[in-house]
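To keep things clear, I will list the structure first and then write my remarks on it.
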Amino acid sequence: MQRQWWQASVGYQIWPKSFNDSNGDGMGDIPGILEKLDYLQQLGVDLLWLSPIYPSPLADEGYDISDYCGVDPRFGTMADLERLISETKRRGMRLLLDLVVNHCSDEHPWFQKALADPEGPYGQYFYFRRGKNGAPPCNWRGYFGAGVWSPVPGRADLYYLHLFHEKQPDLNWSNPALRREIYQMVNWWLDKGIAGFRVDAIVNIGKPDSFRDYPADRPDGLADCCNMLAEPSAKAHLAEYLTELRDNTFRPHGAFTVGEVFDTDPAELAAFIGPDGYFSSMFDFAATCCGKSPKGWWAARRPSPTDYRDCCFSSQKAAQGVGFLSNVIENHDEPRGASHYLPLGFEEQPRAQKALAAVTLLLRGLPFLYQGQELGMTNKPFASIHEVDDVNTKGEYAACLAAGLRADDALEVIAHYSRDNARTPVQWSAQANAGFTAGTPWMPVNLRYRSVNAEAQQADPASVLNFYKKLISLRKDPAYKETLVWGDFEPLYTEREGLAAFWRRADKKLLVLSNLSDEAMLLPLPGPVRAVVLNSRQLPPELEQQALILAPWQALVLEME
Ligand code: NOJ
């Protein structure tokens, strides 16, 4: 596989509204990110992905864009963003923006013009359709729980399509004029000096040739809109648009792109991330999806550490020899990784968080950290549904009640899965509001900040933060980089519950062992140990001639003969 500059990178996602507030208005901003660039550089990350910073009514926290070529004044100015581009470059880092082109905001001028004249040229930028016997054109349920069609104000029996919130109308990619506008915008940003994009919700741009009903799958009589992704005409259009997008924008710029792609058939992986793929990389969401139910969060089952391992390992096997996945345990749409993948009672324990970190950082592919993950930030407590900000959580709460759950049980469900868990302000210090803002934070900080914060962890050599730093510098260490970045992956001891064990092999033979359980494990050694390269515990590992004892939650990297 051809070597590319980005393959050895470590990514870091910034969710700007909650990262760092420089002006005391309670919301994070770009100057706040600039203040923390040294912190990020010391952590060792080099690809920074900013969730949307464009002007937006924030119906879906910025994923509803009203101007693709602007910066929302809440986050700063274009000059601030240009400074961020040059300051990241000066530090050897690169900046990625979020490319959200399945939909825009209903306040975008394109949609405003389309509403004024649905039959005119801008009407062709969206999907306007007539209803069917007084009902919407088809029975799809959108990603946030409601129907995907909303009536066009003042037009009897005319609807527009939105797979997400009603304030996020879907863009009509079958229109070449729309596609040209998108390519122009993408190239404009790349010419400005960003290194590439994280590409949002992109599999949804290929729509089937007709909008037909699917069998209802919930008591609301609607059917999951994801059904359309399997339609041959939708797949064919997706392939056509993504090829064109790549060839007209990313490829001529040598840009890095990471796709938000769910549920890929292993046979289609090469089309997405192979040497001639649409994207450089895509997130591995196998563990994220594990246990989820089409019925909603109320019917989901939490994955065990063994499930987590098995999901990662099967993705690793599928991607090996094809391309590079981007490995995540959390992002702005998911519960905190420690709260989700560690068993109840262990989510706040640094030793357990380190064991999880070792797996996600040492797999083959690009690790992408989410802000605060490196500190072991965990889910927040919810006292009432009225505290919820996120549109998706509100939809899932309604689905819980519709399924017959009592209000307090519904609250417990959403408390675990809510996207707000990841969106609390980053815990910088033990000062008021976790040092995030001098004002009132737009969302309350998690009260664990008094003990879990960056300042305290920087001073503690045994902290989660310092363990993440060690893992990242190990990936970049010239002695091990070849093996950890380009080496192959092979699992072992998979019959052992709660153990993640794998080889990374190239010029070196590295054995990664991570005990994702609270029990000590006696393991046979597959050969003589040359060196202990990394140990998550203070005490040296208990190595015998042909075996070792892995302490509860211990992570080890051994160089083998
Ligand atoms: C995926 C984004 O990650 C999520 O936050 C957003 O709500 C949807 N796409 C819609 O853009």
Residue hits (region 14-53; of a type in the set (A, V, I, L, M), touching a residue at least 60 places away in the same chain (Cβ under 8 Å) and assigned to a strand (DSSP E or B)) are Ile14, Leu47
Of everything in region 88-110 that's more than 24 Å from the chain's Cα centre (by Cα) and acidic (Asp, Glu), which residue is farthest from the ligand (Cβ to nearest atom)? Glu107
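Do any strands (runs of 3 or more DSSP E) lying entirely in region 56-153 carry at least 2 residues that are within 30 Å of Phe368 (Cβ to Cβ), and which ones are they? Reasoning before the result, please.
Details: elements: 94-99, 128-130, 149-151.
Passing ranges, in order: 94-99.
For Pro215, are the conditions met, namely being closer than 23 Å to Asp263 by Cα, touching a helix residue (DSSP H, G or I) at 6+ places or on another chain (Cβ under 6 Å) and more than 16 Å from the ligand (Cβ to nearest atom)?
Values: closer than 23 Å to Asp263 by Cα: yes; touching a helix residue (DSSP H, G or I) at 6+ places or on another chain (Cβ under 6 Å): no; more than 16 Å from the ligand (Cβ to nearest atom): yes.
Spelling it out, it is not the case that Pro215 is closer than 23 Å to Asp263 by Cα, touching a helix residue (DSSP H, G or I) at 6+ places or on another chain (Cβ under 6 Å) and more than 16 Å from the ligand (Cβ to nearest atom).
Looking at Ala195, Ala156, which one is away from the ligand (no atom under 16 Å from the Cβ) and in contact with a Leu (Cβ under 7 Å, 6 or more places away or on another chain)? Lay out the reasoning, then the answer.
Numbers: Ala156 fails: in contact with a Leu (Cβ under 7 Å, 6 or more places away or on another chain).
The unique qualifying residue is Ala195.
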The residue that is surrounded by the most Cβ atoms within 10 Å (Cβ to Cβ), considering only those in region 137-167 that are under 18 Å from Ser210 (Cβ atoms) and among the hydrophobic types (A, V, I, L, M, F, W, C), is Val148
What pairs come up if the first residue lies in region 182-210 and is over 27 Å from Gly92 (Cβ atoms), the second is among the charged types (D, E, K, R) and within 16 Å of the ligand (Cβ to nearest atom), and their beta carbons are under 7 Å apart, counting only those six or more places apart or on different chains? Ala201/Glu260; Ile202/Glu260
Of residues in region 54-76 being more than 16 Å from the ligand (Cβ to nearest atom) and free of Cβ contacts under 8 Å to residues at least 24 places away in the same chain, the one farthest from the chain's Cα centre (by Cα): Pro73
With respect to Lys509, determine if the residue is in contact with a Phe, Trp or Tyr (Cβ under 8 Å, 6 or more places away or on another chain) and either surrounded by fewer than 19 Cβ atoms within 10 Å (Cβ to Cβ) or among the acidic types (Asp, Glu) (or both). yes
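Taking the conditions exactly as written (assigned by TED's automatic domain parsing to the domain that holds Leu366, touching a Lys or Arg at 6+ places or on another chain (Cβ under 9 Å) and not polar (S, T, N, Q)), does Pro461 satisfy them or not?
Considered against the rule, which asks whether it is assigned by TED's automatic domain parsing to the domain that holds Leu366, touching a Lys or Arg at 6+ places or on another chain (Cβ under 9 Å) and not polar (S, T, N, Q), Pro461 comes out as no.
Quick check, is Tyr39 away from the ligand (no atom under 16 Å from the Cβ) and in contact with a Leu (Cβ under 6 Å, 6 or more places away or on another chain)? Talk me through it step by step, then tell me what you get.
Details: away from the ligand (no atom under 16 Å from the Cβ): yes; in contact with a Leu (Cβ under 6 Å, 6 or more places away or on another chain): no.
The answer is no for Tyr39.
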Failed condition for Glu490, given (1) in a strand (DSSP E or B); (2) charged (D, E, K, R); (3) touching a residue at least 40 places away in the same chain (Cβ under 8 Å), with all others met? (3)
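Looking at Asn453, is it among the polar types (S, T, N, Q), over 23 Å from Leu34 (Cβ atoms) and buried (at least 19 other Cβ atoms within 10 Å of the Cβ)?
Values: among the polar types (S, T, N, Q): yes; over 23 Å from Leu34 (Cβ atoms): no; buried (at least 19 other Cβ atoms within 10 Å of the Cβ): yes.
Here the answer is no, as Asn453 does not meet what is asked.
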From the options Leu522, Leu548, Leu539, residue that is aliphatic (A, V, I, L, M) and not in a strand (DSSP E or B): Leu539
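The values are calculated or read from the model by the stated rules, or taken from the named source; none is laboratory data. Since the model is a prediction, treat every value here as computed from it, not as a measurement. Here the Cβ is made from the backbone with ideal geometry for all residues, glycine too, and neighbour counts use every protein chain on show.
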